[in-house]
1. Measuring from a point 7 Å past the Cα of residue 196 along Cα-to-C-beta, which residues in the range 106-134 have an amide N at less than 11 Å?
2. In whole Å, what three semi-axes, largest first, describe the equivalent ellipsoid of the chain built from its Cα gyration tensor (square root of 5 times each eigenvalue)?
3. Pulled fully out, how much extra length does the chain show between residue 63 and residue 143, if you take 0.36 nm times their separation in residues and subtract their Cα-Cα distance?
4. Hey, in the GNM for the chain with a 10 angstrom Cα cutoff, which one of 39, 164, 154 fluctuates hardest?
5. Rounded to the nearest 0.05, what FRET efficiency do residue 4 and residue 121 give with R0 = 35 Å and r taken as the Cβ-Cβ distance? Could you check?
6. Return the ratio Rg/(2.2 N^0.38 Å) for the range 115-156, where Rg is computed over Cα atoms only.
7. Given a Förster distance of 25 angstrom, what is the FRET efficiency for residue 70 paired with residue 132, based on the Cβ-Cβ distance and rounded to 0.05?
8. Roughly what % antiparallel, to the nearest 5, for the DSSP beta bridges in the chain?
């Protein structure tokens, strides 16, 4: 079943979910709006959207120290009530996000946090790369290529867009929405800081992300 822009707008009006998530839901359900609503609820996206306007002033600050003290993360995540903040599910979510930051080294929390100057510089580099390819392409095609590669930039550098290190079928945004749906409160990843031993100093090359991943696998076995 095909769907139109009006269908996307109707779905957004009924769920409060963003346009891109509505479009994805309609693609996944072959244009069936009722099934799309069900899809968004199952993914926790509709629940998260409904709670986005609430105030989240409680929460916790958690830390993750990689074995041997090579990497440290401090993370603040907010929720609506102290009761939820003290709960095991919320604490586990926060700790898993801290672990993600240690392993995947995001620079920002969400796409909207990327400064426009950084985006423009990245696009400039990507255009130059495309223009220097052996077979030059027309500018309209190059611009589409740049937009596609910018999405990869978001996936690499924005926490919510990153693939979850414990489950490569989900992003951190998926994990957040699922946790919001299960807990029933707004959750906001507010800020983090990541320290890496010797960062900025000349040192032996190490793949710390692989090291953390190996540690996660040991924990799961």
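1. What the label zone holds, given the 11 Å backbone N cut-off, is 106-107.
2. 30, 29, 15
3. Between residue 63 and residue 143, full extension yields an extra 24.7 nm.
4. 39
5. With R0 = 35 Å, the Cβ-Cβ based efficiency is 0.40.
6. Expressed relative to 2.2 N^0.38 Å, the Cα Rg reads 1.13.
7. So the FRET efficiency works out to roughly 0.10.
8. Beta bridges within the chain, antiparallel portion: roughly 95 percent.
Taken together, the values in this text are just the output of simple stated rules run on the coordinates, not laboratory data. In this text the structure is predicted, and so the values were computed from the model without any measurement. Quick reminder, even Gly has a Cβ in these numbers, built from the backbone with ideal geometry, and neighbours come from all protein chains shown.
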